[in-house]
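Have a look at the structure below, then the notes.
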Amino acid sequence: MNHKVFVAGASGAIGQRLVPLLCSAGHKVVGTTRTEQGAETLRALGSEAVIVDVFDAEALSRAVLAVQPKIIIHQLTGLSAWEAGCIEEAITENARVRTEGTRNLVKAALAAATRRLIAQSIAWVYASGALPHKETDPLDVEAQGTTAVTVSGVMALENAVLNSPPLEGVVLRYGQFYGPGTGHESPAGTSPIHVDAAAYAALLAIDHGALGSVFNIAEPNEFVATEKARGELGRHADFRLSMEKLPDL
């Protein structure tokens, strides 16, 4: 089934791989960005574009209401400071996106009667325990320092997405990205995932995955379990945009 899909953070590394997938699957796509340059990029990829800041709750709500999307995909991050080498500032900015930004997006989704919200989370904040970590394992609530800031932001995002009925929340806990736009051309970290495969998981989550589902999205590894995503989403960790056609959905 084709839908109106609102992609928040569409001009980011995942968004730029996701938009062509959504368009190829027949969805009508509207993507957000904070710059005119980002808007031009999205239009070139086949999406409509809206310039809006997620922290401007009123403007964001107007944008979502204007589209009336059945699906919202939350791919927002706040890592501009990271690119400038300001690591602690980037961590704080990203936590604010996950906390305040997600809260604003959920509020806009509810006002627009959006059916499903699919949100980007991360798969490396589990508490210490037996490996590989399953989605039901606890997060590291006892973390300290900047890790605690990250965990707090992740928990706020997931709670808002998964517990805002009647919105159908689905959380994708991504591993460490590599591929175009990430700064890493080869796998890195304990649970790597190529940006194309990460984007493909978001596409699949539109029509797969039960209300309130959480999925680890990574290549097979020893740190996080990926069987649930393979079984319920039908996710292919080796998917790449360079394939001649999309796998059957």
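Here, each number is a calculation from the coordinates, and none is a lab measurement. The shown structure was predicted, so the numbers you read here are calculated from the model rather than taken from an experiment. Glycine also receives a Cβ, built like all others from the backbone with ideal geometry; neighbour counts cover every protein chain displayed.
Per residue, the chain reaches -10500 deg cm²/dmol at 222 nm when only DSSP H runs of four or more residues are counted, each adding -39500 (n - 2.57). The phi torsions of segment 49-54, fed into the Karplus equation with coefficients 6.51, -1.76 and 1.60 and a -60° offset, translate into couplings of 10, 10, 8, 7, 9, 4 Hz, rounded to whole numbers, with Gly and Pro shown as x. Proximity of backbone amide H atoms, modeled 1.01 Å from N, is registered between residue 168 and 116, 117 at under 5 Å, excluding neighbours fewer than 5 places apart on the same chain. Note on residue 57 and residue 34: the model spin-label points, each 7 Å out from Cα along the C-beta direction, lie 1.9 nm apart.
By the rule of a C-alpha distance below 20 Å, with chain neighbours fewer than 8 residues away ignored, the lysines paired with residue 4 are 28, 70, 107. Roughly how many nanometres apart are two label points built 7 Å out from the Cα toward the Cβ at residue 207 and residue 44? Calculated label separation equals 3.0 nm. In the chain, Cα pairs under 8 Å separated by at least six residues give a relative contact order of 17 percent. Net charge of the neighbourhood of residue 120, taken over other residues with C-beta under 13 Å away and scored Lys/Arg +1, Asp/Glu -1, is +2. Around residue 50, what is the net charge, scoring Lys/Arg as +1 and Asp/Glu as -1 over all other residues with Cβ under 15 Å from its Cβ? Taking every Cβ under 15 Å from that of residue 50, the sum is -1. The distance linking segment 145-203 with segment 212-231 is 12 Å (Cα centroid to Cα centroid, whole angstrom).
Summing charges over neighbours of residue 194, with a neighbour being any other residue whose Cβ is under 13 Å away from its Cβ, gives -1 when K and R count +1 and D and E count -1.
Backbone phi angles across segment 218-230, fed through the Karplus curve with coefficients 6.51, -1.76 and 1.60 (θ = phi - 60°), yield HN-Hα couplings of 7, 6, x, 7, 8, 8, 10, 6, 10, 5, 4, 5, 5 Hz in residue order; Gly and Pro are listed as x.
Going through (i) 12.2; (ii) 13.8; (iii) 15.3, the figure that equals mean projected area of the Cα convex hull in nm² as computed for the structure here is (i). Under the convention that each Lys and Arg Cβ holds +1 and each Asp and Glu Cβ holds -1, the size of the dipole of the chain around its Cα centre is about 800 debye. Phi angles of segment 31-41 translate, via the Karplus equation with coefficients 6.51, -1.76, 1.60 and θ = phi - 60°, into HN-Hα couplings of x, 9, 8, 9, 9, 5, 4, x, 5, 5, 4 Hz per residue; Gly and Pro are given as x.
Most simply put, the chain has about 5% antiparallel DSSP beta bridges, counting only bridges with both residues inside it.
Counting every other Cβ atom within 10 Å of each residue's Cβ, 193, 206, 51, 87 order from fewest to most as 87, 51, 206, 193. Along the axis of the charge dipole computed for the chain (Cβ charges of +1 for Lys and Arg, -1 for Asp and Glu, origin at the Cα centre), the listed residues 68, 78, 108 are led at the positive end by 68. Close amide-amide hydrogen proximity is noted between residue 176 and 191, 193, each under 5 Å apart and 5 or more residues distant or on a separate chain (H modeled in the peptide plane; Pro and chain starts excluded). Around the amide H of residue 12, modelled in the peptide plane, lies no amide H under 5 Å away from a residue 5 or more places distant or on another chain. Label positions at residue 1 and residue 128, each projected 7 Å from the Cα along the C-beta direction, are separated by 4.7 nm. The fewest-to-most ranking of 235, 116 by surrounding Cβ atoms within 10 Å reads 116, 235.
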